[in-house]
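The structure under discussion appears below in the form of structure tokens.
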Amino acid sequence: MSCDEIPGLKLQDGATRIFLNTHGTDAEGVSEELIQLLRYFEQTTEENAAGSHSQKIENLQKRVEEIKKPANKKSRLN
């Protein structure tokens with residue numbers, strides 16, 4: 001396997017790679033939850049998380065909110 005963006009770069013290290021495109025236009029074969037996750041990545045908001053109807057995305061949003069809290073920033077730096 002080689003990289004389209006960097007000619008000559010070989011990707012044959014045994015790793016599995018998944019390339020996600022948040023601006024993709026062909027939803028065939030893509031789960032609704034993954035589509036919602038990609039939308040959430042584009043606009044990480046509480047409204048998008050709630051609108052996704054995905055508990056996983058809502059949990060991710062809760063974690064994002066926890067990390068953004070000022071009190072957590074202080075405790076993480078110490």
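Key figures
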read-out	value
Of Glu47, Glu28, Glu66, the one that fluctuates the most in a GNM where the chain has Cα springs shorter than 10 Å	Glu28
Cross-link reach list, aspartates and glutamates versus Lys68, counting only Cα pairs under 17 Å and skipping chain neighbours closer than eight places	Glu46, Glu47, Glu58
Nearest-ten-degree value, helix 32-42 long axis tilted from longest Cα axis of the chain	70 degrees
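Each value in this text was obtained by applying a stated rule to the coordinates, not by laboratory testing. Remember, it's a predicted structure, so these values are computed and weren't measured experimentally.
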